[in-house]
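**Q** Just passing along the structure, written as structure tokens.
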Amino acid sequence: MPGEHEPMKRRSPVAETGIAADAVVARARAWLREAGRVVVFTGAGVSAESGIATFRDALTGLWARFDPQALATEAGFRADPALVWRWYAERRAAVAKARPHAGHAAIAAYEARGGRRVDVVTQNVDGLHRRAGSRNVLELHGDITRVKCLEGCGTPESIDAAFDWRGDPREPPPCPRCGAPLRPDVVWFGEFLPEAVLAEAQRAASACDAMLVVGTSALVHPAAELPMLARRGGARLIVVDPAETAIDDIADARIRAPAAVALPSLLAE
């Protein structure tokens, strides 16, 4: 295995089309069958296949005239809580209509078969991995279907399990403990990723035998450091994405296909 300070170079030739691509998929399948610990690292491309617009793509119609800083920062929320609450209410409604696709299902089935530890580390906030049946899910950017107290009391469930913030018509509803506004439980611009979740993701990446990087450009740090950690630890790095990514040059395999197309075959026994 490469040492921690060795240059990270791609260790095998990679083909992306035709018969050679079938050989790459077969090789990647073998690595995933043999692995005792696997991390599946997912990004916005996976959600887009379920019809969920990315944050900036959702800035259409009425919302096109708003600066993202007004809708996705604490300062913007404090300036106009009702506006931001309505924006996220619309996004929650869109997420609720979306369904996990075949890629989500393949990841969950791969974990459920057992024989290995599978951690799903996601930058997505839609909860689709959990809805598909994945159990070990680390949400780096939170979950848009949850809320928390703006002043730090915690989630409504941790404050009062009987409190139904979804049924409260106020925009936004107040925290049942301190009365401060409730806010979406997502990471806004300028905020740190949840420390415990990031630390657990880093541990999983460092210890895995194989990492699937699916539907992410791997450009946004600190999440983008996870494939590097896996690679330094000697893991096989398998990229599944129709487009080029920032880690293509250090990948052991690149599979140029959407998640819903590639993962059912790749993760089949």
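**Q** Please determine, in degrees from 0 to 90 and to the nearest 10, the orientation of helix 81-97 with respect to the longest principal axis defined by the Cα atoms of the chain, where the helix direction is its Cα long axis.
**A** The two axes meet at around 50 degrees.
**Q** Between Ala180 and Glu90, what is the label-point separation in nm under the 7 Å Cα-to-beta-carbon projection?
**A** Once both label points are built, they end up 2.7 nm from each other.
**Q** Order by neighbour count: Ser158, Ser50, fewest other Cβ atoms within 10 Å first, most last.
**A** Ser158, Ser50
**Q** Moving on. Before anything else, pin down the relative contact order of the chain: Cα pairs under 8 Å, at least 6 apart, normalised by residue count, whole percent.
**A** Over the chain, the number comes to 29 percent.
**Q** Moving to a separate point now. Do any cysteines in the chain lack another Cys Cβ under 4.7 Å, and if so which?
**A** Unpaired cysteines in the chain: Cys178, Cys208.
**Q** Also, I was wondering about something else. Between Ala259, Thr145, Gly167, whose Cα lies farthest towards the positive end of the dipole of segment 117-269 when Lys and Arg beta carbons carry +1 and Asp and Glu beta carbons carry -1, centred on the Cα centre?
**A** Towards the positive end, the residue furthest out is Ala259.
**Q** What share of the DSSP beta bridges in the chain is antiparallel, in percent to the nearest 5?
**A** 20 percent
**Q** Now for a different question. Would you mind ranking Phe77, Phe41, Phe189, Phe163 by Cβ crowding within 10 Å, fewest neighbours first?
**A** Result, fewest neighbours first: Phe189, Phe163, Phe77, Phe41.
**Q** Rounded to the nearest Å, what's the spacing between the alpha carbon centres of segment 208-244 and segment 98-164? Just the number, please.
**A** With segment 208-244 and segment 98-164 each reduced to a Cα centre, they are spaced 20 Å.
**Q** Another one. Roughly how tilted is helix 18-34, in degrees to the nearest 10 and between 0 and 90, from the longest Cα axis of the chain?
**A** 80 degrees
Bear in mind that the values in this text are calculations on the coordinates, not laboratory data. The structure presented is a predicted model; accordingly, all values stated were derived computationally and were not measured. Please note: Cβ atoms are built from the backbone with ideal geometry, for glycine as well, and neighbour counts cover all protein chains shown.
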